[in-house]
Each structure stands twice: as C-alpha cells, then as structure tokens.
Amino acid sequence: MLGDYRISGRRASEIAASVERAVGSGELEPGQLLPPMRELAGELGVNPNTVAAAYRTLRERGVIETSGRRGSRVRPRPASTARELIRVDVPPGVRDLSEGNPDPALLPPLHDAFAAATQHNARQPGLYGQNPVDEDFARLVRAAFDADGVPGGPVAVTSGSLDAIERVLAAHLKPGDAVAVEDPGWSSLLDLIPALGLSAVPVALDDDGPLPGEVERALRGGARALVVTDRAQNPTGAVVSAARAEELRRVLAAYPGVLLIEDDHGHAIVDLPVHPLAGVTDHWVFVRSVAKAYGPDLRLAMMTGDPVTVDRVAGRQRLGPGWVSRLLQRAVVDLWEAGAVDVRAVSRAYGERRDALVGALAERGVEAHGRSGLNVWVPVADETGVVARLLHSGWAVAPGARFRMAAGPGVRVTVSAMMPADVGPLADAVAVAAGPAPVGRRYG
C-alpha cells in the first residue's frame, strides 16, 4: 500500500508529521492510499484513536482526504501544486495571449503620482503608530463604495485582492472547511484554498454569474464561505446582473452564517454597473483592486465589510507587515483625484476587442464568452489539442485546466494585446483548432 515507506510515531502529532514529511519528499505520492486506522495502530502499537487524531490533523491541513469506506489517501492535488505552472512555453515569434495582463498603453503614467506622494510625505512623514489607512484614501474609497450601493463598513487596505481574500478566509475558517467558488474561476484562488487547508466546492456559472441552484447546493452541503466575482470574472468575463444578484441574495438570506467574499477587481475597466450582494449574511467583505486599471505592480486593494471581519483582518495584519505603505496609498489618491483613468474609454477599448473576437468566432461557428474584462473563454472538446494547434499557428492561449475543477475544457484568450488586424487571423486559427462547440448558457 505504501511501498517502501513506513509511517512512524507514537503520538498523533508524530504520526501526522511522518506522513506530511513523506508527502513533501515525494515518498508518498498524490492519490496513494493510507493504511486503515486500526491496521496502522496495530503496526505502531498505539490506540486507534491516536491514529484517528493524526488522520484528522492531516485532513485539516489539506494533506489527505477521506472517502468513507474507500479509506484515506494523499490528496490528488497537493496544496503546493500551482495552477500557474499549467501553461505553455511561448517561443519567439508566437503572439502571447495567455497571461491575463492589462494593456500597458491603457495604464496611466505613475511618475507624477509618486512625486506628489513623496512631497506629501516630506510634509507629513509616515511613522509608526499612525492610522494604517490614509485619511484621504479611506474617504475616496468609502465614497466610491457608497455610490455603488456597497453597505457601510470600515475600510482596510491589503496588498492586492488575493491578499485580502486570504486574510478574510483565515479570519473566519479553520482547516477542513469548504469554500464555494466559481468554476471555471481564478486560478490563484483555486490554489490558495487548498494551501490554507480548505476544500473548494465548484459552483457553475453563466454569463450572469454563479447559478443560484449551484450556490444553494454548495451551501446546503456545508460550504462555510462563498466567493463571487462581480464583474470581469476570470476567465469567462461574466458579470453578476441585477436579476441574478437578487436571486443570489435570496439564497444567501437562508444561510446567514456563511462568509461572503465579493471580488470586484474589474472596477475601473468595466462600465457595466455592479450589483453588490453584501449585507445579507452576518460576515461579508467587498474587495477592489487597482491592478487592472492602474498597474499590477501597485499591489494594492481596498476592502470593506462587517466590523468584526475587518477588525480581525486589520489586527492580524498589524502582527505581520503592519500596514500597506501609506506612500503607495497617497500615490493612488493622486491618480484618482487627477482622473488618471478614463473608465469609459478603457472599458470601451477592452469591450471592442472582446466583442470583435466573440463576434468573429460566432461567424465561424465557435462559441465564446466575454461580457466584460480582459478575457474571452472558448469552450472546446480537446483542450490540450487546441492549445498545441494554436501554438503551432502562432498564438499562445491559456489552457483551461488552470481555471477549472468540474467544468468542461476550454481555453482563455486575453484580448489586451490584440489589435484590430489580429481578430480575423486569430478567429480563423481558433476555428480550425477547436471546431464548433455546442452552444449553452452554462460554462462547461
């Protein structure tokens, strides 16, 4: 069952550590079956309850999973495996449409904003003991949240959306808890959840966001948190519509103890309205990042939520990095006050590229999705073959395996670097590589 490896230890912590070391070194491989608890207890000369406690610890850490009478086995996908590694190597001469980056030409210059921030710092130096959130930054953030109907709550600042989501999950959940997530969905989030010892429950979606029946199924099954992308969903471009938001609120109202996390990273690159779900459950957060509109390297996101959750996040943050640089916050304040991003123009630019590709694919009998954001999702029958054939044709796209769990295969095309002259040749290449796919509202 275990090959040459022998689990050792007399206490639960020692047995768990023995298994975890073997998984980390590769001596125990993903999917490998572990001995039944009574059998291992006999081999080690310990009480079966001791082995049961060790297996429970390993489950909570995301190292193993248990399937009733089928026993316990090493997780098929260890938490240390990064979906970002599921990618194609882009050789010279191939157009790279796989990375999900914004168009640098649509990002604002930063030098004036940082110059203004340093001048402000010269007048009011950033020192220990100050409020971690700049006063002007908090004011502008809160005003934008209010304008979009996000419920009132304190403001916190984190180093990007994923940092915010990680801190919120850690503030409320314990290893072994289940988190309902969109499928297909953000690859980094799908990596983060098992890395925290949590389990991901896939929720199917369509162009209007997560399907209410799927959310109900996940919450009824015990998911303790739900993560929803309001706009520019990655990889599908879905946007939560007003009608869908109302349906989801009704579902959430029956589960007030569920932690709700809303990710609105499409803010300032999408001109479609946001329809927040926040405020229905006891604990919730609404997160926005400046990455897509102002630059990924700014590494700054703002969040609001119920006071308990925001306080827990801020308290834990104080014991780590302390705060996100107020100098950086001041630079973003200057960008906002200067109107550095023309939201309508940026949204229109990305929209024209997405619409052109989706339309050209439709003309060629290929289904594609992309209501908002930077990406177009193309369901395909043979994901690996499509990626390889497109690479041979001179186009690199992201394999759908990076973004999906139970959803069907597909590829993600980032439109940021596309020019009008690219649309026809790219659509031709996709049509030849993929062939027509059945049209349906539910991805996969």
* Asked: What ranking of 419, 303 emerges when the number of other C-beta atoms within 10 Å of each C-beta is taken as an exposure proxy, fewest first?
  -> 419, 303
* To do: Please tell me the relative contact order of segment 1-74 in percent, rounded to the nearest whole number, where contacts are Cα pairs under 8 Å and at least six residues apart.
  => 34
* In µm²/s, what is D for segment 12-74 at 10 °C and 1.306 mPa s, where D = kT/(6 pi eta Rh) by Stokes-Einstein and Rh is the Kirkwood radius from Cα pairs? -> 138
* Near residue 284, within a Cβ-to-Cβ distance under 15 Å, what is the net charge of the other residues, with Lys and Arg +1 and Asp and Glu -1? -> -3
* Taking the Cα centre of segment 111-337 as the origin, how large is its charge dipole in debye, to the nearest 20, when only Lys and Arg (+1) and Asp and Glu (-1) carry charge on their Cβ atoms? -> 760
* Could you calculate the FRET efficiency of residue 69 with residue 29 from 1/(1 + (r/R0)^6), where r is the beta carbon distance between them and R0 is 22 Å, rounded to 0.05? => 0.50
* To do: Find how many whole Å separate the alpha carbon centroid of segment 169-199 from the alpha carbon centroid of segment 243-322.
  => 15
* Gain in length, residue 250 to residue 131, computed as 0.36 nm per residue apart minus the alpha-carbon separation, to one decimal in nm? -> 39.1 nm
* Answer label for mean projected area of the Cα convex hull in nm² (calculated), chosen among (i) 23.7; (ii) 20.6; (iii) 44.6 -> (i)
* **Mean Cα-pair separation over length for the chain, i.e. relative contact order, pairs under 8 Å, 6 or more apart, %** => 19
* Asked: In what order do 86, 165 fall by count of nearby beta-carbon atoms within 10 Å, going from fewest to most?
  -> 86, 165
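What is the fewest-to-most order of 167, 231, 73 by other Cβ atoms lying within 10 Å of their Cβ?
73, 167, 231
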* **Kyte-Doolittle at least -1.0, axis length at least 27 Å by Cα - qualifying DSSP helices, the chain** => 343-363
* To do: Using R₀ = 22 Å, calculate the FRET efficiency as 1/(1 + (r/R₀)^6) where r is the Cβ-Cβ separation of residue 88 and residue 428; round to 0.05.
  => 0.65
* Structure fact -> Other residues with Cβ under 11 Å from the Cβ of residue 18 give, with Lys and Arg +1 and Asp and Glu -1, a net charge of +1
* **For the chain, size of Cβ-based charge dipole, Lys and Arg +1, Asp and Glu -1, in debye** => 1280
* To do: Express as a percent, rounded to the nearest 5, the fraction of DSSP beta bridges in the chain (both residues included) that run antiparallel.
  => 55
* Asked: Modelled label-to-label distance, residue 105 and residue 21, 7 Å Cα→beta-carbon offset: nm?
  -> 5.7
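Bear in mind these aren't lab numbers, they're just calculated from the coordinates by the rules spelled out. All values reported here derive from a predicted model rather than from experimental measurement. Here the Cβ is made from the backbone with ideal geometry for all residues, glycine too, and neighbour counts use every protein chain on show.
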